[in-house]
Amino acid sequence: MPAACVIGLQWGDEAKGKLVDLLAPEHDCVVRYQGGANAGHTVVSGDQVYKLHHVPSGILHPSVMNLITPGVVIEPSTLLKELTGLEARGVNPRKNLQISERAHLVMPWHLLEDQLLNGLVVQGENIGTTLRGIGPCYRDKVGRTFAVRMTDLLQDDLPARLGTIVAAKQTMLAGMGGKELADQLSSDKVIELAAGWAEQLGPLVGDTTNYLLDQLDAGKRLLMEGAQGSLLDIDHGTYPFVTSSNASGVGISGGSGVPAKWIKRVIGVTKAYSTRVGGGPFPTELTCETGQKIREIGREYGTTTGRPRRCGWFDAVAVRYTARLSGVDAISLMMMDVLGHFEKLHVCVAYDIDGQRVDRFPCSASALRRAKPIYETMEGWKADVTGARHLGELPSQALRYIERISQLIGVPVKIVSVGPDRRQTIFADKDKLLSLVD
Ligand code: GDP
Ligand code: IMO
Ligand code: MG
């Protein structure tokens, strides 16, 4: 029966990939429904580490169908590299992957526009995008005039359309001060590139929307894989320091075509601390040695860009907000092993903004920049918990930390992760968690 979802509750990289891979065998389909190659999802299987950008994290399970649905923006060259990389390691993604004909393409000009615009300061800071062309592609999707979809790759009139778009984009880029970038665009080259994409990706393109609706009618189980994190949601995140899609739970239905009535379980994924990569306010950020220590122990470097992630204490104001926004039923608390290296832990329970205590996550980036965290201090457990497989094997301080996070968010913690490997996961009542019957 119906759909379960894995949603990031912070600024991305909460370890959604690990969880989706782990839960995939209990489902018939894994669905990636928003974002694009800005995502970097890591799956660790024994000594093998897979870094996935477009391909859903259920791909290592041959019996599970993996779908990339209309809300995703696809950079075909990156996707093809991903497929070849998987094939070289003995995975056969062409057997269990389908791409929506409605998905939009990140075209070469989107990458150039991202490069040009990302140099600009927005509200005092650079957004610091992943330079994967995400914002420009979604902008053209909504704008409708210059968009290219997967289905267009298979149409005869594509070369003529691409010629028109390239000419317009050259004028736009030059007008934005990017004459050198505009000169890199050639319609002949783009047309040739698109023909190659059509040949190599064409066999994977299909009607994922009806496929999923048929699956639901047949009583199959879907697992929806969020990309990014809810605080990067275009409508509900720390705008303008966000990505360009609905990365919180509100995006599931729109991006996949799966009606909301089928969504029965939402698992919110959060680290036991906080990280952020790129620009934007981050109230609990630690720019001191402690932040550096979290980064090194947690290996907090971007999966897609390799940038060092900014690190800080757990922010319960932010996660309470995103858990409610995404309709989260259960929390998966990741990276508990990393906190095993600290004497004292701090959890942000409210903000002080201009002398006022604030319990609700504010809308404006400038208010959030002025927010001083009000911390509660907890005892650390100073122990290696990477070998724990049951809650009872965790030190009492770790159990108290989990319980406190649960209370502060208002949602039970049902999964605890103590390392990157599949086995380093503790489930409290897995069957109940995954039974999609209310
Ligand atoms: P995603 O984008 O949400 O899928 O997360 P990323 O893959 O970008 O980043 C999560 C990183 O943490 C990856 O390198 C994972 O292998 C790793 N990881 C996952 N769970 C744990 C955990 O419990 N402890 C530690 N130390 N690392 C973890
Ligand atoms: P996963 O799925 C962390 C951040 C970028 C930048 C902002 C906008 O691995 O959790 P974009 O390229 O989307 O226009 O960049 O969003 N960002 C992510 N940060 N994890 C991600 O994905 C991210 N995808 C985008 O760093 O601040
Ligand atoms: Mg990531």
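The values are calculated or read from the model by the stated rules, or taken from the named source; none is laboratory data. Computed from a prediction, not measured in an experiment: that's the story for all the values here. Cβ sites come from the backbone with ideal geometry, for glycine too, and all protein chains shown count toward neighbours. Quick note on the areas: whole protein, heavy atoms, side chains included, nothing else; ligands and nucleic acids left out. Shrake-Rupley method; radii C 1.70, N 1.55, O 1.52, S 1.80 Å.
Here are a few things to note about the model shown:
- All of Ser332, Ser326 fail the test of being closer than 26 Å to Asp429 by Cα, within 12 Å of ligand 1 (Cβ to nearest atom) and not hydrophobic (A, V, I, L, M, F, W, C), apart from Ser332.
- Within the stretch 302-321, the set of residues being at pLDDT 95 or above and in contact with a strand residue (DSSP E or B) (Cβ under 7 Å, 6 or more places away or on another chain) comprises Pro308, Arg309, Arg310, Cys311, Gly312, Trp313, Phe314, Asp315, Ala316, Val317, Val319.
- The helices (runs of 4 or more DSSP H) found wholly in the stretch 286-370 and carrying at least 3 residues that are of a type in the set (A, V, I, L, M, F, W, C) and closer than 30 Å to His390 by Cβ occupy 316-325.
- Residues of the stretch 35-53 that turn out to be assigned to a loop (DSSP other than H, G, I, E, B) and within 11 Å of ligand 2 (Cβ to nearest atom), as a count: 6
- Gly254 over 15 Å from the mean Cα position of the chain (by Cα), more than 16 Å from ligand 1 (Cβ to nearest atom) and not hydrophobic (A, V, I, L, M, F, W, C): yes
- Inter-residue pairs, beta-carbon under 8 Å, first touching a residue at least 24 places away in the same chain (Cβ under 8 Å) and among the polar types (S, T, N, Q) and in the stretch 366-390, second open to solvent by 40 Å² or more (accessible area, probe 1.4 Å) and not in a helix (DSSP H, G or I), 6+ apart: Ser366/Gln123; Thr377/Lys344; Thr377/His346
- Condition met for Leu154 (within 22 Å of Gly36 (Cβ to Cβ), modelled with pLDDT under 95 and open to solvent by 80 Å² or more (accessible area, probe 1.4 Å)): yes
- Of all the numbered requirements in (1) within 14 Å of Ala272 (Cβ to Cβ); (2) more than 16 Å from ligand 1 (Cβ to nearest atom); (3) not in a helix (DSSP H, G or I), Trp381 misses one, and that requirement is (2).
- Residue count, the stretch 200-236 (criterion: open to solvent by 10 Å² or more (accessible area, probe 1.4 Å) and either closer than 14 Å to Thr322 by Cα or without any contact (Cβ under 8 Å) to a residue 24 or more places away in the chain (or both)): 9
- Residue check for Arg310: in contact (Cβ under 8 Å) with a residue 12 or more places away in the chain, in contact with a Lys or Arg (Cβ under 6 Å, 6 or more places away or on another chain), closer than 30 Å to Glu82 by Cα and among the basic types (Lys, Arg): yes
Okay, residues lined up against (1) open to solvent by 10 Å² or more (accessible area, probe 1.4 Å); (2) within 16 Å of ligand 3 (Cβ to nearest atom):
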| residue | (1), (2) |
| --- | --- |
| Cys5 | no, no |
| Asn38 | yes, yes |
| Thr42 | yes, yes |
| Gly46 | yes, no |
| Lys51 | yes, yes |
| Leu60 | yes, no |
| Asn66 | no, no |
| Pro70 | yes, no |
| Lys95 | yes, no |
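- Residues within the stretch 38-66 that are within 8 Å of ligand 1 (Cβ to nearest atom), among the small types (Gly, Ala, Ser) and more than 17 Å from Ser256 (Cβ to Cβ), tallied: 1
- Test: Gln170 is farther than 30 Å from Asn92 by Cβ and part of a helix (DSSP H, G or I): yes
- Residue ID - nearest to the chain's Cα centre (by Cα), chosen from residues in the stretch 72-93 that are β-branched (Val, Ile, Thr) and open to solvent by less than 20 Å² (accessible area, probe 1.4 Å): Val72
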